[in-house]
Amino acid sequence: MKNILFRGLCTALVTPFIGDEVNYPLLEILIRRQIHAGVPAIVLTGTTGESPTLSDEEKIEIYRRGVLAADGKCKIIAGTGSNNTAHAVALSQAAQAVGADGLLVVTPYYNKATADGVVQHYLQIAESVDIPIIAYNVPSRTGMSLSCEVCRKLAQIPNIAGLKEAGGDFSKILRIIAENGNDLPVWSGNDDQTVPVMSIGGQGVISVASNVIPLQMNAMVNAALAHDYQLAGLLQRKLQPVCDLLFCEVNPIPVKAAMNAIGYDAGSCRLPLGSPQNENRQKIEAYFRAFRDTLDEP
């Protein structure tokens, strides 16, 4: 049985920009906002953090500043995945060197790796660091999906500490949890599946929506952790309009627009993503501006 890196809510944080530069002061404010909301873990430079368009130097500086801003009050998990194993190893070692508590490593994309190649990819990364690693399965973006057999092999690697599962196949998630238990803790990678996944043994969610509504997401996840699924289910249903808006276009375009609408000027996404279509932007702004002043109230 492995130690669980965190239980409950983890926010996959946006990377704020001023023009085309990382807005480091605002990044630190956003981290402190998450801590104030009681969020136990934060992912930096994941998909929501626009990892494909960040340089290695920017990523390492984001890790460093994130660790300092968190000051031990929440776990800092660095997104260090790559389709180049040597590159992922180097980033992972750099994240550990500046104090990251763990790593989020997406499956190698585009290459169409074999099952054995994927296992070896994770094994080499895991053997290069001493901190826990969460594998990230998101086939809609990578073009590949971790099989149940590969998950069983990953569970045997000592510092593979879990799986962020964003494939959307609930039956597969059920099987992975049933076959591996605490040897491969599972977190939902989809906000709208959080409570269902937790009800079958998932540990929580690595969330996009909690960028905007951390208190509300934390309340839902904590209800599920307390096995109050009547309340958790109610909160899941109430938050569905938020999920719908935040995924009306490819993530993280809508969530950055939402952050801007609630008063945190995170800028636009770097190209090739850019800004939301005007109709969607208007819907996002109208919805979130309506209750922006209450979002950080307990």
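The values are calculated or read from the model by the stated rules, or taken from the named source; none is laboratory data. This one's a predicted model, so the numbers in the text were calculated from it and none came from an experiment. All Cβ positions, glycine included, derive from the backbone under ideal geometry; neighbour counts span all protein chains shown. Surface accessibility is based on the protein's heavy atoms, side chains included, excluding ligands, DNA and RNA. Shrake-Rupley method; radii C 1.70, N 1.55, O 1.52, S 1.80 Å.
Between Ile125, Ile133, Ile160, which is open to solvent by less than 60 Å² (accessible area, probe 1.4 Å) and either among the polar types (S, T, N, Q) or touching a Ser or Thr at 6+ places or on another chain (Cβ under 7 Å) (or both)?
Exactly one of Ile125, Ile133, Ile160 is open to solvent by less than 60 Å² (accessible area, probe 1.4 Å) and either among the polar types (S, T, N, Q) or touching a Ser or Thr at 6+ places or on another chain (Cβ under 7 Å) (or both), namely Ile125.
Taking region 75-103 as the region of interest, how many residues are open to solvent by 10 Å² or more (accessible area, probe 1.4 Å) and closer than 15 Å to Leu13 by Cα?
Total satisfying the criteria: 1.
Give me the pairs, please: first residue somewhere in region 123-137 and part of a strand (DSSP E or B), second residue anywhere and at pLDDT below 95 and among the hydroxyl-bearing types (Ser, Thr, Tyr), beta-carbon distance under 8 Å, and either six or more positions apart or on two chains.
Sorted first by the residue in region 123-137, then by its partner, the pairs are Asn137/Ser145.
Let's see how each residue does on (1) surrounded by fewer than 19 Cβ atoms within 10 Å (Cβ to Cβ); (2) touching a residue at least 40 places away in the same chain (Cβ under 8 Å); (3) under 23 Å from Thr142 (Cα atoms):
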| position | (1), (2), (3) |
| --- | --- |
| Asp20 | yes, yes, no |
| Pro40 | no, no, no |
| Thr45 | no, no, yes |
| Asp71 | yes, no, no |
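Go through region 195-206 and give me each residue that's closer than 11 Å to Phe170 by Cα and either touching a strand residue (DSSP E or B) at 6+ places or on another chain (Cβ under 7 Å) or part of a helix (DSSP H, G or I) (or both).
Hits for region 195-206 are Pro196, Val197.
From the list Arg237, Arg281, Arg270, pick out the single residue that is assigned to a helix (DSSP H, G or I) and surrounded by 13 or more Cβ atoms within 10 Å (Cβ to Cβ).
Just a single option satisfies the conditions, and that option is Arg281.
Residues checked against (1) more than 20 Å from Pro254 (Cβ to Cβ); (2) within 19 Å of the chain's Cα centre (by Cα); (3) among the hydrophobic types (A, V, I, L, M, F, W, C):
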{"residue": "Phe170", "(1), (2), (3)": "yes, yes, yes"}
{"residue": "Ile200", "(1), (2), (3)": "yes, no, yes"}
{"residue": "Gln216", "(1), (2), (3)": "no, yes, no"}
{"residue": "Met220", "(1), (2), (3)": "no, yes, yes"}
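Using the structure shown, decide if Ala88 is in contact with a His (Cβ under 9 Å, 6 or more places away or on another chain), modelled with pLDDT of 95 or more, outside any loop (DSSP other than H, G, I, E, B) and on the phi < 0 side of the Ramachandran plot.
yes
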